[in-house]
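Notes follow once the structure below has been shown.
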Amino acid sequence: MGKRARSRSDAGEGGSSGEAEPQYLKGPFGFQRRKRIPFSERERLGHEAPGSVLRGPPITVGCECGESAELRYGTRWTCPGCGRSYDTAKIPREDYEKIRKLQFRYRLLPIVVGAVAISLAVFFTLSGNIFAVFVLLPSVLVLWFMLLRPPHRRGFQKAISDLPTWDLRADS
């Protein structure tokens, strides 16, 4: 979390209500510094659960009482608020496989572009042509962010909009 986000959360803007107040320690020369949080207790900055690329994206289930949860395919969830039970195995397996394959296919292009750029950088470095690396890396970034990524994202958005959605009902 950067300085701007910390100042927002300290001021009460945009922070979640369940967060504990940050603790500060007295540093050298009278400066305050934030107490370090162990790595295992830190908040995940990514928005995905581990393994969601190969096993498929999580399914968001919203209960009628307002509670919601992100579940894996085939998982049963009981709402803590009202006790209703939802089963994601009711979603047709073929439809979920389409979503999983689509997501994987659209994640493959950035990985390939990065792998090609890194392999070229290693090749130029080992061949003694360091200047080419300083030309290669910015040009690959410009190529990706200005030419390849916008149509790639538009295609992904269009492909996602054509996929089916489901309305899971609570089990009786």
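The values are calculated or read from the model by the stated rules, or taken from the named source; none is laboratory data. Everything numeric here is computed off the predicted structure, so don't read it as measured data. Positions of Cβ are generated from backbone atoms using ideal geometry, with glycine treated the same way; all protein chains shown enter the neighbour counts.
Below are the figures for this structure:
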| quantity | calculated |
| --- | --- |
| Number of positions in the range 107-152 that are over 28 Å from the mean Cα position of the chain (by Cα) and either within 29 Å of residue 56 (Cα to Cα) or in contact (Cβ under 8 Å) with a residue 60 or more places away in the chain (or both) | 0 |
| Condition check for residue 107: out of contact with any Lys or Arg (no Cβ under 6 Å at 6 or more places or on another chain), over 30 Å from residue 169 (Cβ atoms) and at pLDDT 85 or above | yes |
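Conditions (1) assigned to a loop (DSSP other than H, G, I, E, B); (2) surrounded by 12 or more Cβ atoms within 10 Å (Cβ to Cβ); (3) of a type outside the set (A, V, I, L, M); (4) in contact with a Pro (Cβ under 8 Å, 6 or more places away or on another chain), marked per residue:
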{"residue": "110", "(1), (2), (3), (4)": "no, yes, yes, no"}
{"residue": "119", "(1), (2), (3), (4)": "no, no, yes, no"}
{"residue": "132", "(1), (2), (3), (4)": "no, yes, no, no"}
{"residue": "135", "(1), (2), (3), (4)": "no, no, no, no"}
